Amino acid sequence: MPLINSWVGSANSPETGFPLNNLPYGVFSSDGAMRCGVAIGDRILDVSGLETAGIVQPDPQPGVFSTPSWNGFMQLGPAAWSRFRAELTDLLGEGSMRRAEVEPHLFPMAEAVMHMPFSVTEYTDFYAGRHHATNVGTMFRGPENALPPNWLHIPIGYNGRASSVVVSGTEIRRPWGQVKSPDRELPAFQTSRRFDIELEMGAIVGQRSDGPVSVTQADSMIFGYVLLNDWSARDIQAWEYQPLGPFQAKATATSISPWIVTKAALEPFRCSTPDRERDLLPYLHEPGPMLYDIALNVSIQPDLADRPTVIARTNYREIYYSFQQQLAHHTTAGAPMNVGDLLGSGTISGPSKPERGSLLELGWGGKEPIKLDTGETRSFIEDGDTLTLSGTAVGDGYRIGFGECAGKVIAALEPSQLPY
Ligand code: CA
């Protein structure tokens, strides 16, 4: 499908991540009040304002956009999602008869502050990137035990904290935690010295399930996708992770990009998961392509005055288990899924070194520090560094963007600020 032209001129530029083909959903404020908005070129369409003015009404019950969150809209289900997208395409399309009514509800994106686009009900993070799992396993356990014996059969994951999910732009405070160096007999409580990122995608569940769901049903339950950075304290993780997996190492924060890119916008970019080394059990079989071709990169900026250095480039299609497989597996034992549940894909690394989605892998556990354009080197994040994830699906004359997923790391609390 080619670019769909809009009367919002900036949406027709080949450079924008927000053409009419995208229409991602966010929550913004530009004068204090938080509202639901849709990105179009360099503008945000205030859909809370459109609903109040009676221009759109996605639900017979008015007020779906009266709270600044997309959860209420998700609740309406896939048929309402499609109808609303078609309506927006009509209202913003070139030659729309309703331009004069809609235009007063556009705000400059550059002046807006973005907020969490939805309320996270529960958060589960998977470990579905094969190159990442192999690299980390090699560093933690040696090359012969790199992939755990279950890895080629199950999308493994852990239950994270919904309360720790924050929107891009939120500062991230370096955590304290219990660590143990291999050369010391006893653990110590200290600030993390190996604080890291994980380049991931996030999927947002838009429909409730009660009982097991198939991979096909899982696909219809997903509302949309975001970029996700699972901030990780490697020194805390190395000491605590066996046998129940990561806990405090992943509890500091998880950042997401501000715009939910809908499944509909990504439809032209579907692609298959990589070849299977082992046959999967039938409940994990995919009826068709379930990944998307989304180019991803990570940059680091030691100071906002410096130019950022891109330190990794990879693609979402490297993931071994799709979100649909993850979601199907997640329901096998009976746990209901709810509107607003967030899944993390697991770190997305490609096969070669510049395609690695964490500093742990890029710098090989501190053994091969990476060089930045500023002349500095990095093994792990230093205070003041801003880490930014970007993602783009490139179509026929247009691009689908997510907005940046950025976070600046600030110094840990002083010892005197701790309660012990
Ligand atoms: Ca992760």
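The values are calculated or read from the model by the stated rules, or taken from the named source; none is laboratory data. Fair warning: this is a prediction, and the values are worked out from it, not measured in the lab. Note that we place each Cβ from the backbone using ideal geometry, even for glycine, and neighbour counts take in every protein chain shown. Side chains included, ligands, DNA and RNA excluded: accessible areas come from the protein's heavy atoms. Shrake-Rupley method; radii C 1.70, N 1.55, O 1.52, S 1.80 Å.
Roughly speaking, what is the stretch gain from ARG141 to ALA33, that is 0.36 nm per residue apart minus the C-alpha to C-alpha distance, in nm to one decimal?
The span from ARG141 to ALA33 would gain 33.8 nm if fully extended.
Starting from the Cα of ILE410, step 7 Å toward the Cβ, then list every residue of region 369-390 with an amide N under 15 Å from that point.
Output list for this probe position: 383-387.
For a quick size check, give me the Cα extents of the chain along its three principal axes, largest first, whole Å.
73, 53, 42
State the percentage of accessible surface on the chain attributable to carbon and sulfur atoms; use a 1.4 Å probe and exclude ligands, DNA and RNA.
52 percent
In the full protein assembly as shown, how much of TRP7 is accessible to a 1.4 Å probe, in Å² to the nearest 10?
That residue has around 30 Å² of solvent-accessible surface.
Using a 7 Å offset from the Cα along the Cα-to-Cβ direction at both THR121 and HIS285, what is the distance between the two label points in nm, to one decimal?
About 2.9 nm, to one decimal.
Please give the solvent-accessible surface of THR67 in Å², to the nearest 10, using a probe radius of 1.4 Å with every protein chain present.
Roll a 1.4 Å probe over it and THR67 shows about 80 Å².
Quick check on my link table: of LYS263/LYS408; LYS180/LYS353; LYS180/LYS250, which ones sit more than 26 Å apart, alpha carbon to alpha carbon? Mind dumping the intermediate values first?
Numbers: LYS263/LYS408 29 Å; LYS180/LYS353 28 Å; LYS180/LYS250 17 Å.
From LYS263/LYS408; LYS180/LYS353; LYS180/LYS250, over 26 Å: LYS263/LYS408; LYS180/LYS353.
Quick one: length gained pulling LEU186 to ASP306 fully straight, 0.36 nm per residue minus the C-alpha distance?
Between LEU186 and ASP306, full extension yields 39.2 nm more.
Amide H of MET201 versus every other amide H placed in the peptide plane: which residues, excluding those fewer than 5 positions away on the same chain, fall under 5 Å?
The answer is LEU228, SER345, GLY346.
Using a 10 angstrom cutoff on alpha carbons, build the Gaussian network for the chain and name the most mobile of ASN135, ASN71, ASN150.
Of ASN135, ASN71, ASN150, the Gaussian network model singles out ASN150 as fluctuating most.
Just by accessible area at a 1.4 angstrom probe, what is the order of LEU186, LEU244 from largest to smallest?
Highest to lowest solvent-accessible surface, that is LEU244, LEU186.
May I ask for the equivalent-ellipsoid semi-axes of region 9-115, computed as the square root of five times each C-alpha gyration tensor eigenvalue and listed largest first in whole Å?
Here the semi-axes work out to 20, 17, 13 Å.
Can you compute 3J(HN,Hα) from phi for each residue in region 94-100, using the Karplus curve 6.51 cos²θ - 1.76 cosθ + 1.60 with θ = phi - 60°, rounded to whole Hz and x for Gly and Pro?
4, x, 4, 6, 9, 3, 4
Taking a probe of 1.4 Å, how large is the accessible area per residue of region 9-115, in Å²?
44 Å²
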